[in-house]
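Here the structure is laid out as structure tokens; the discussion comes afterwards.
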Amino acid sequence: MPPEPANSLPAFGFLTVLEDPLHGFFGGYLVLSDLGRPLEFHCSTPVLPNEAQKILYGATLRPYVLGEIIGQTLVAKGKLSVQAVVTDIEEMLSLALFRDEKMACLASNETAPAQQTGELSSPELRLGNYRLFGTSTCTWQPEQLGAAMATLCAHVDLAEPFQRIREAIREAQRIAEPQADDLHEHSSAA
């Protein structure tokens, strides 16, 4: 990674995907200042796994497509160094195996998976109504990440940047907002 300029602002990356049944996965990477202002945005072309990939990758297909293909490509396009990359999709955490940036997954306190005892320790941080967690391969320290994100959390609800990303992808790709019936059909098929 190139050294940061002396006057660079603290920045945080937000990484997610929008899944479209016809076109596949569209990824989006939004870099925000610690005040919540957009500094960079990148989105991917659609990635639609073929049937052979679905068969060969099996249960590892989503982490491969989301983290290794889409996530790695988008974060590599970023020009600014970030304090951390936050995602709202747990399969995206596979990116931590390939990048030096701190990776954390955001979940609400109610829906976040509980830390398993007896397994390798994974970093975990509670911030208001949210919980950030990593995998056992993530090396970030909760206290340090919490301190780094304090100003951002004072200005932005941590789930809100993912809404911005999805809306920007829909706008850029001209994807219609899914209807409630479409969401129900899609979620029951998954």
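Only one of the listed residues (56, 22, 30, 18) is more than 18 Å from residue 166 (Cβ to Cβ) and either free of Cβ contacts under 8 Å to residues at least 12 places away in the same chain or of a type outside the set (Val, Ile, Thr) (or both). That residue is 56. Residue pairs whose Cβ atoms lie under 8 Å apart, separated by 6 or more positions or on different chains, with the first residue in segment 64-84 and touching a residue at least 60 places away in the same chain (Cβ under 8 Å) and the second part of a helix (DSSP H, G or I), are 75/95; 83/145; 83/148; 83/149; 84/145; 84/148; 84/149.
Considering only segment 98-108, I want to know if a residue exists there that is buried (at least 17 other Cβ atoms within 10 Å of the Cβ) and assigned to a helix (DSSP H, G or I). Scanning segment 98-108 turns up no residue that is buried (at least 17 other Cβ atoms within 10 Å of the Cβ) and assigned to a helix (DSSP H, G or I). Restricting 13, 36, 24 to residues that are out of contact with any His (no Cβ under 6 Å at 6 or more places or on another chain) and modelled with pLDDT of 95 or more narrows the list to 13.
Yes/no matrix, rows are residues, columns are (1) under 18 Å from residue 101 (Cβ atoms); (2) surrounded by 18 or more Cβ atoms within 10 Å (Cβ to Cβ); (3) of a type in the set (A, V, I, L, M):
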{"site": "13", "(1), (2), (3)": "yes, yes, no"}
{"site": "18", "(1), (2), (3)": "no, yes, yes"}
{"site": "48", "(1), (2), (3)": "no, no, yes"}
{"site": "58", "(1), (2), (3)": "no, no, no"}
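Restricting segment 124-167 to residues that are in contact with a Phe, Trp or Tyr (Cβ under 8 Å, 6 or more places away or on another chain), outside any helix (DSSP H, G or I) and at pLDDT 95 or above leaves a set whose member that is surrounded by the fewest Cβ atoms within 10 Å (Cβ to Cβ) is 159.
The values are calculated or read from the model by the stated rules, or taken from the named source; none is laboratory data. Every value quoted in this text rests on a predicted model; they were computed, and no experiment measured them. Cβ: placed from backbone, ideal geometry, glycine included. Neighbour counts: every protein chain shown.
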